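Below is one structure, written out as structure tokens; comments come after it.
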Amino acid sequence: MEKLVIIGAGVAGVNAATKLVDNGYPGELITIIDMGNDPYKRKPEEVMTGFMGAGGWSDGKLTYHTSIGGHMSKYCGEDKAMSLFSEVIENFKRFHPKPEAVQCSNPVAEPEFIKPYFGLRLFPVWHVGTDYLHEIGKNWYDYLCDKGVEFIWNTKVTDINFDEQIISIGAVDEIKYDRLIFGVGKSGIDFGKQLAEQYELPTESKPVQIGVRFEAPQKHFQKLIDISYDFKLYRKFEDKGVSLRSFCTNNNAAYVAVEETYGDHSYNGHAKKDEAYRNDMTNFGILMEIRGIDKPFDWSREAVKKLQIDGTGTYYSPSHRVPSKTSEGEYVKTEIVNSLDSLYDAIGDNAVYIEDFIEDMTKIFPTLGNDWGVYMPEVKYLSPEPLVDYNNLSLKTRPNVHFVGDALSARGITVSGAQGTYVAESILKVRKLDILDEVRSYK
């Protein structure tokens, strides 16, 4: 029987483990290693590491469409991808303290007032509720522990020897594995890049994804929110290799969150469901995808550094709105600047596209004016994606090593969970064949 090690207790790894133990795989043969805390010890502000990862701890919206969050369908086709998404959503309901509170919004018609300036992607979104995520995490964790899964917390993997199938943790400890799921989140992208270079893994370069987190009073966007809560405005400039989209929209009780990666700040957002947290604000990312940049990962890292002041991200508002408060009642950590000059310094003339995006929003939402602010930057670090076997997401040269989640350029909770589930299915098929071989041998 294979000893399985999962690096990363995020949504991908947790869904993989759940699929396995649900189908008879012995939990005692599964070990999950994570740099953060279990859900009982993990603090709300510990955004990047710990059980449920970044998205599963702070974002309660599960997109339900194959065009969002990565390209799951390229591995397994549209129908299978949607089936995997459904399994992820069902897991969130399964461990939800109030599963009846999980609702799906499914807008169908693009409003006329949007069309002259933007495209609008409309797709189903399951709303789990940020307020419930921590309880979901505890219930889910308890289930896996009861099934015998071993967790190793507050531990950083320092090296992986693919040849000897040995994982190094800390200064001296080692763990052997028969099969490995590499599910590190954003915090482990550098490590994944290091392994790709060390073992000369074939990779596919990814475009830059960088922008700002936009925030304004919700009243300005209400006519669109009434149609689509998690709206996705987008536009493309094919000849320039540039596209922009709004990303991860939060309303009603909407809060900006600081993410710290590689010692620098970037921004994201989340929404509470409890009316006690209502602040009548809206926030969303304005993310720009830029193709054709040499060494996009390094380029993004350098751009992020230019948007820091003493290691803290920056904030600009033309009307001098003050930065908002977090759900814990403290002002968002940021340094106020008086213009978007630093954005131009960081990403060059590409900043024009973001300015134009905001300018056109003021045309379709006429009350918006200058009543907004942007936190800089919001960034999605996409390291070169390793080429994998589409049947099981294993490395082309290492069939017992599977990449999932951010390590495979997933950009969302549903896609990450689906990748973990997909890998688990492939492991269960191998196990079934092994059992049949044992039966035949015995006969």
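The values are calculated or read from the model by the stated rules, or taken from the named source; none is laboratory data. Nothing here was measured: the structure is a model prediction, and the numbers come from that model. Virtual Cβ from ideal backbone geometry, glycine too; neighbours counted across all protein chains shown. With ligands, DNA and RNA removed, areas are computed over all heavy atoms of the protein, side chains included. Shrake-Rupley method; radii C 1.70, N 1.55, O 1.52, S 1.80 Å.
Convex hull of alpha carbon positions in the chain: directionally averaged projected area 21.8 nm². Which shape class applies to region 146-198: rounded if a/c is under 1.5, otherwise prolate when a/b exceeds b/c and oblate if not, where a ≥ b ≥ c are the square roots of the Cα gyration tensor eigenvalues? Here region 146-198 falls in the prolate category. Of the peptides 418-425, 255-262, 115-122, the order by per-residue mean of other Cβ atoms within 10 Å, starting with the highest, comes out as 418-425, 255-262, 115-122. Sequence gap at least 6, Cα distance under 8 Å: using those rules, report the relative contact order of region 281-346 to the nearest whole percent. Result for region 281-346 is 31 percent.
Looking at region 176-303, the pairs of alpha carbons with a distance over 25 Å make up 43% of the total.
Length gained on full extension, Asp389 to Arg278: 35.4 nm, using 0.36 nm per residue less the C-alpha separation.
From largest to smallest, the equivalent ellipsoid semi-axes obtained for region 1-90 from the alpha-carbon gyration tensor read 23, 20, 10 Å.
Mean residue ellipticity, 222 nm, helices only, the chain: the sum of -39500 (n - 2.57) across DSSP H runs of n ≥ 4, divided by residue count and rounded to 500, is -9000 deg cm²/dmol.
When both bridge partners sit in the chain, DSSP labels roughly 80% of those beta bridges antiparallel.
Net charge dipole, region 303-371: roughly 180 debye, given to the nearest 20, about the Cα centre with Cβ charges of +1 for Lys and Arg and -1 for Asp and Glu. Packing order of peptides 366-375, 129-138, highest average first: 129-138, 366-375 (average count of other Cβ atoms within 10 Å over each peptide's residues).
In the context of the full set of protein chains, the chain has a per residue accessible area of 42 Å² (1.4 Å probe). Which entries in the list Lys186/Lys240; Lys115/Lys363; Lys236/Lys396 go over 22 Å, if you measure between the two C-alpha atoms of each? Beyond 22 Å: Lys186/Lys240; Lys236/Lys396.
Could you tell me what percent of the accessible area of the chain is made up of carbon and sulfur, with a 1.4 Å probe and every protein chain present?
Working: 8620 of 18410 Å².
Roughly 47 percent of what the probe reaches on the chain is carbon or sulfur.
In this structure, the pairs whose alpha-carbon distance is over 24 Å, taken from Lys41/Lys429; Lys138/Lys432; Lys98/Lys272, are Lys41/Lys429; Lys138/Lys432.
Summary of packing: across the peptides 243-252, 394-403, the per-residue average of other C-beta atoms within 10 Å ranks them, highest first, as 243-252, 394-403. You can think of it this way: the chain between Lys41 and Asp163 has 40.4 nm of extra reach, that is 0.36 nm per residue less the Cα-Cα gap.
Measuring nothing but how far apart in sequence close Cα pairs (under 8 Å, 6+ apart) lie, relative to its length, the chain scores a relative contact order of 23 percent. Amide H contacts for Gln308 (H built 1.01 Å from N in the peptide plane; partners 5 or more residues away or on another chain; cut-off under 5 Å): none found. Phi-derived couplings, Karplus 6.51 cos²θ - 1.76 cosθ + 1.60 at θ = phi - 60°, listed residue by residue for region 308-323: 10, 10, 6, x, 10, x, 10, 9, 9, 9, x, 9, 6, 4, 7, x Hz, with x used for Gly and Pro. The spacing between region 267-340 and region 16-84, judged by their C-alpha centroids, is 25 Å. With contacts taken as Cα pairs under 8 Å at a separation of at least 6 residues, region 119-213 carries a relative contact order of 11 percent. Taken about its Cα centre, the chain carries a charge dipole of roughly 860 debye when the Cβ of each Lys and Arg holds +1 and the Cβ of each Asp and Glu holds -1. Give the residue from His65, Asn91, Tyr75 lying farthest towards the positive end of the charge dipole for region 60-99; charges sit on Cβ (+1 for Lys and Arg, -1 for Asp and Glu) and the dipole is referred to the Cα centre. Of the listed residues, the answer is Asn91. When Trp140, Trp153 are compared by accessible area of protein heavy atoms, the largest-first order is Trp153, Trp140, using a 1.4 Å probe.
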